[in-house]
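What follows is one structure encoded as structure tokens, with my remarks underneath.
Derivation of every value follows stated rules applied to the coordinates shown; laboratory data play no part. Here the structure is a predicted model, which is why all the values come from computation and not from measurement. FYI the Cβ positions are ideal-geometry reconstructions off the backbone, even for glycines, and counts take in every protein chain you see.
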Amino acid sequence: MAEPLRWGVLGATSRIAQKAVMPAIVADGSSELAAVASRSGGDYPTLGAKSSYDDYQALLDDEGVDAVYIPLPNSLHLEWTVRAAEAGKHVLCEKPLASNAAEATEMALACTRAGVTLMEAYMTPFHPRSEGLHSVLTAGRLGRLRWACSTFTFPLADDHRWNPDMGGGALLDLGVYCLSPLLAAGEAMPARSDASMTVGGAGVDGTFSGRLDFGNGLSAAFVCSFEAPFMQRFEAIGTDGAITIDERPFTPTEEDRFIHLTHRSGRMESIDCGGGNTYGGMVEHFAAVVRGEARPRRTPAEAIELLTLQDGLRRAARVTAED
Ligand SMILES: NC(=O)c1ccc[n+]([C@@H]2O[C@H](COP(=O)([O-])OP(=O)(O)OC[C@H]3O[C@@H](n4cnc5c(N)ncnc54)[C@H](OP(=O)(O)O)[C@@H]3O)[C@@H](O)[C@H]2O)c1
């Protein structure tokens, strides 16, 4: 068996690192949690990591680390990905890959120059139901697609996501979840779009909504919000069928297995796609990519393309309310 991939984590007290990704690294048979680094330090769960640092660069200088996971605020993704690449480490960086497409491009170039792998930690596609949704949307099962809609809202308390200097905003935080399945349905970038947003916190979009026209008969809409109750929903309507996913389409758990399909005849069907751990699938896949055993399922170019769309939507958005 190949040697395990030795991981380091920058910002190890991060909620998503602690809750999901560090446990997934520890559970993965082809990975090892070699080191953690926390600038705030203190007493926090290190999940058996061999080394712990209070300085991110010290972790990058550790020769016992092959790859780093970066769960830092969005504004720090660029700096620490470039530094990691320069230290020869492969990088799994949290979503959004960067605060905008230009920064993500710089990160991709740095990793290419250093000959290391860069992947955005967008975990949703690693769930069996996401694979099922992708095939329903792209295999013509719904006939000619006419409408699709993504909703992802939740109430966000005090957080760096309300700060524009930290790469905050609802579109940056939630856009990848809402837009990726819409782009899969449209099979291209939209031909036309418009957007609206409210501005809150220290000057970020608290609610961002948009409408996309793919120029092929499919129109779509989405809403991302920090100002509303928790809600996740995806729907798509075609000439032969319509689907809805109400049970966490974007952050599915082991229990979230079903796609609800209404046939043209009116017959209703619940497709059981099975459950899975998205974070476990992502960690296992990243280790396989680093070893050259798998082709990346999400390339930096795809993340840059999505950020380019988001940058354009944000530039064009009408402000409908300011707190
Ligand atoms: N894939 C997912 O399911 C998912 C879910 C939530 C968030 N995310 C992404 O993960 C990233 C982190 O989100 P999070 O909710 O985990 O954030 P968080 O709990 O606030 O953690 C961020 C960590 O970054 C470090 N940090 C360094 N400089 C900082 C600064 N100036 N302000 C605040 N923290 C700083 C801190 O770790 P130390 O003090 O230990 O160094 C902090 O604990 C974001 O990019 C977010 O979009 C992904």
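With a sphere of radius 15 Å drawn around the Cβ of residue 319, what net charge do the other residues whose Cβ falls strictly inside it have (Lys, Arg +1; Asp, Glu -1)? Could you put the intermediate results ahead of the total?
On the way: positive: 314, 315, 318; negative: 194, 205, 227, 322, 323.
It works out to a net charge of -2.
Amide H to amide H distances under 5 Å link residue 167 with 75, where only residues 5 or more positions off or on other chains count and H is placed in the peptide plane. Under 5 Å between amide hydrogens, built in the peptide plane, is the criterion, and for residue 228 it picks out 154, 156 among residues at least 5 positions away or on other chains.
Any idea what diffusion coefficient the chain gets from Stokes-Einstein, in µm²/s, Kirkwood Rh on alpha carbon pairs, 37 °C, 0.692 mPa s? Value of D from the Cα-based Kirkwood radius: 161 µm²/s.
Summing Lys and Arg as +1 and Asp and Glu as -1 over all other residues whose Cβ lies under 15 Å from the Cβ of residue 103 gives a net charge of -4. For residue 140, what is the net charge nearby, where nearby means another residue's Cβ is under 15 Å from its Cβ and Lys, Arg count +1, Asp, Glu -1? Surrounding charge for residue 140 is +2.
The string of couplings for the range 80-93 from the Karplus curve (6.51, -1.76, 1.60, θ = phi - 60°) is 7, 6, 5, 5, 5, 4, 5, 8, x, 9, 6, 10, 10, 10 Hz, one whole number per residue in order, with x for Gly and Pro.
Rank by packing, highest mean first: peptides 86-93, 210-217, 227-234, with packing defined as the count of other Cβ atoms within 10 Å averaged across residues. Show your work: numbers first, answer last.
Values: 86-93: 22.4, 210-217: 17.8, 227-234: 15.8.
So the peptides 86-93, 210-217, 227-234, ranked by packing, come out 86-93, 210-217, 227-234.
For the range 239-245, putting each phi into the Karplus relation 6.51 cos²θ - 1.76 cosθ + 1.60 with θ = phi - 60° gives couplings of 5, 10, x, 9, 10, 9, 10 Hz, in residue order, rounded to whole numbers and with x for Gly and Pro.
Directionally averaged projected area (the range 124-276, Cα convex hull): 9.1 nm². If a paramagnetic tag sat 7 Å from the Cα of residue 158 along the Cα-Cβ line, which residues of the range 66-87 would have the backbone N under 19 Å from that point? Residues 73 qualify, since their backbone N sits under 19 Å from the label point. For the range 230-248, the residues whose amide N sits under 17 Å from a probe point set 7 Å from the Cα of residue 271 along the beta carbon direction are 234-248.
Once the Cβ-Cβ distance of residue 299 and residue 138 is raised to the sixth power relative to R0 = 25 Å, the FRET efficiency obtained is 0.90. Take every Cα pair under 8 Å whose residues are at least 6 apart in sequence, average their separation, divide by the length of the chain, and the relative contact order is 18 percent. If the chain linking residue 240 and residue 51 were pulled fully straight, counting 0.36 nm for each residue of separation and taking away their Cα-Cα distance, it would gain 62.4 nm.
For the chain, give the share of DSSP beta bridges that are antiparallel, in percent and rounded to the nearest 5; count only bridges with both residues there. Don't skip to the end; give the middle numbers.
Values: 38 of 69 bridges.
The answer is about 55 percent antiparallel.
Here the label points at residue 263 and residue 288, each 7 Å from Cα along the C-beta direction, are separated by 3.4 nm in the simple model. Using the alpha-carbon atoms, what tilt in degrees (0 to 90, nearest 10) does helix 300-316 show relative to the longest principal axis of the chain? For 300-316 against the chain, the angle is about 60 degrees. Let's test the formula: R0 of 25 Å, r as the Cβ-Cβ distance of residue 255 and residue 131. What FRET efficiency results, to the nearest 0.05? The calculated FRET efficiency here is 0.90.
For the chain, the longest principal axis of the Cα atoms and the long axis of helix 128-138 meet at an angle of about 40 degrees.
Each label point was placed 7 Å from the Cα along the Cα-to-Cβ direction; for residue 211 and residue 15 their separation is 3.3 nm. Residues whose amide H lies under 5 Å from that of residue 31, counting only those 5 or more places away or on a different chain, are 5; hydrogens are built 1.01 Å from N in the peptide plane.
Across the range 124-276, C-alpha contacts under 8 Å between residues 6 or more apart give a mean separation that, scaled by the residue count, equals a relative contact order of 30 percent. Relative contact order of the range 195-323: 24 percent, from C-alpha pairs under 8 Å at least 6 residues apart in sequence.
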